[in-house]
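For reference, the structure is listed below as structure tokens.
Computed from the coordinates by the stated procedures, all read-outs in this text should not be read as laboratory data. Predicted, not measured: the structure shown is a model, and the values here were computed from it. Here the Cβ is made from the backbone with ideal geometry for all residues, glycine too, and neighbour counts use every protein chain on show.
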Amino acid sequence: MASSSLTNMSVHDKGGNSILIMPKLQFRWRVTFTKFGGSGSAKSLTRQAVEMMRPQMKFAEVPVHIYNTMVYLQGKPNWEPITIKIRDDSQGEMSEEIAAQLQKQLDFQDVGSGGTDPKFKTHIDVLDGNNGSAPEVLETWNLYGCYLQSTNYDAINYATNEAMTVSLSIRFDNASQYSNGGGDADYSDRKSVV
């Protein structure tokens, strides 16, 4: 009886279908990093990730003035930085990984030195929530040429019982989006939808 009521829970389309399509849920996701910090994989960040934005693209607006009016053309695209909130762990693993990445970006002991590639890759999967050994990937984002634009060791407060967090703003050069988990975490052989 209950299953038959599911067909009546949505708006009928022109084809007569009225079954509600399962939405992607915000709490079913994972993020992994490649070439981040000292170890390269930053597993502590993956385990401690609490909240994250998905990528946003914005096109520049190019106004073209014509006699007494204007038209607008699409300009160059720009990927907006994403923010990820990481729970600070009591063993210091997460803080060590972030410090190692910041050190790669700028050698704080010898500011004039260089020579290492400070950029890393970020891989975001939106999952179906299956608790088996391999959850189904519904959506994948690969962010290329990432670096930490800002690091905010968030406030500490005697009045709360919440975990301490660190907010990372990640600037990246380019991104690709894939539906239904095309490819794997090494960024190879994927069919992009963006």
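Between Asp89 and residues 5 or more places away or on another chain, which pairs have amide H atoms under 5 Å apart, with H built 1.01 Å from N, and which residues are they?
Met94, Ser95
Net charge around Ile156, counting only other residues with Cβ within less than 13 Å of its Cβ (Lys, Arg = +1; Asp, Glu = -1)?
Around Ile156, the surrounding residues sum to -3.
Using a Förster radius of 35 Å, what is the FRET efficiency between Asn130 and Asn174 based on their Cβ-Cβ separation? Nearest 0.05, please.
So the FRET efficiency works out to roughly 0.70.
On a 26 Å Cα-Cα criterion, which of the cross-link pairs Lys43/Lys104; Lys76/Lys119; Lys24/Lys76; Lys43/Lys76; Lys24/Lys104; Lys24/Lys58 come out too long?
Long pairs (Cα-Cα over 26 Å): Lys24/Lys76; Lys43/Lys76; Lys24/Lys104.
How would you order 153-166, 20-33 from highest to lowest mean count of nearby Cβ atoms within 10 Å?
20-33, 153-166
What FRET efficiency comes out for Gln103 versus Ala159 if R0 is 30 angstrom and r is the Cβ-Cβ distance? Round to the nearest 0.05.
Calculated value: 0.35.
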